[in-house]
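The values are calculated or read from the model by the stated rules, or taken from the named source; none is laboratory data. Worth saying up front: this structure is predicted, and the values here are computed from it rather than measured. Heads up, the Cβs are rebuilt from the backbone with ideal geometry, glycines too, and the neighbour counts pull from every protein chain shown.
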Amino acid sequence: MKTTFKLLILVILVTISSCNNSKSIDYKYSENPKLLACDFPNGHLLQEAVYSFENDIIRAYNINNKNFTKAYSTFLNERQRGKLNVKNIASEHSLKIAKALKESTNLWTETNGKNSLNNSGPLVDCIANNIKDKDIKATYNALLATNSLKPSLILPLLSSSSRFIQADGSLKSYVALEFFYSQLLNTKLEELNTNFSQAQPDPTKPSVDGVNFKKTPKQAVPTKGAANDPHAGHNHD
């Protein structure tokens, strides 16, 4: 009886902690298009997580052109090659989200000290059922069904499919949570790269299927010698 009571108290404390962490977040992307096809109690937090992740990789990899496909491609390629350190690109906002996500029940698993998405949880099931591209969906579900949905097996496919990811809310969510937030769960604020973490540019504008219809930037073609100009690409207005 005492054990049951203690477990109940623990569950209540974890729930309260999760709620407090969620409420302390300044939601910047609540008006952006919905990404997941399923409804979750923490759906607003999951959506905020994905859009904040996108904003971070755009700042890190393609801030001038805001090319999401290129940003996803660079991020995934670095992860596949083992060169990715999320502490170097994560913002303080994303870290706050990670702390709130850490308290989400059944979202994470830990194996040999490494965190990853819980492949038996409802979120991964929702993602598996709603991936748009049929080939990616077939491979994802085959790996999931055989308990083989691991980075070493899924990353090669995702790295070559960034153009599909940026147009698919389910794949966006998987990439953001599995390869970014799972690495931030135990990170401290002082561990972040301050050059990125303290910069707070305007939130990514709402998009539909990964395409921003409010602004479609032109691809700038640098002139000869522009690479040597230290002022190239800067706004001096």
Problem - Check on K137, basic (K, R) and under 17 Å from F53 (Cα atoms) - result: no
Handout entry: Check on L35, crowded, with 17+ Cβ neighbours inside 10 Å, over 18 Å from L185 (Cα atoms) and not basic (K, R)
Key = yes
Exercise for the section: Please work out which residue is farthest from K132 (Cα to Cα), limiting yourself to region 40-58 and to residues that are part of a loop (DSSP other than H, G, I, E, B) and in contact with a helix residue (DSSP H, G or I) (Cβ under 9 Å, 6 or more places away or on another chain). Expected result: N42
Practice task
Assess whether T223 counts as being modelled with pLDDT under 95, part of a loop (DSSP other than H, G, I, E, B) and among the hydroxyl-bearing types (S, T, Y).
Solution key: yes
Completion exercise
Those helices (runs of 4 or more DSSP H) completely within region 59-158 that have 3 or more residues that are within 13 Å of E178 (Cβ to Cβ) are 68-80, 122-130, 134-145
Practice task
Can you confirm whether region 136-145 contains a residue that is more than 14 Å from F75 (Cβ to Cβ), at pLDDT below 95 and not hydroxyl-bearing (S, T, Y)?
Solution key: no
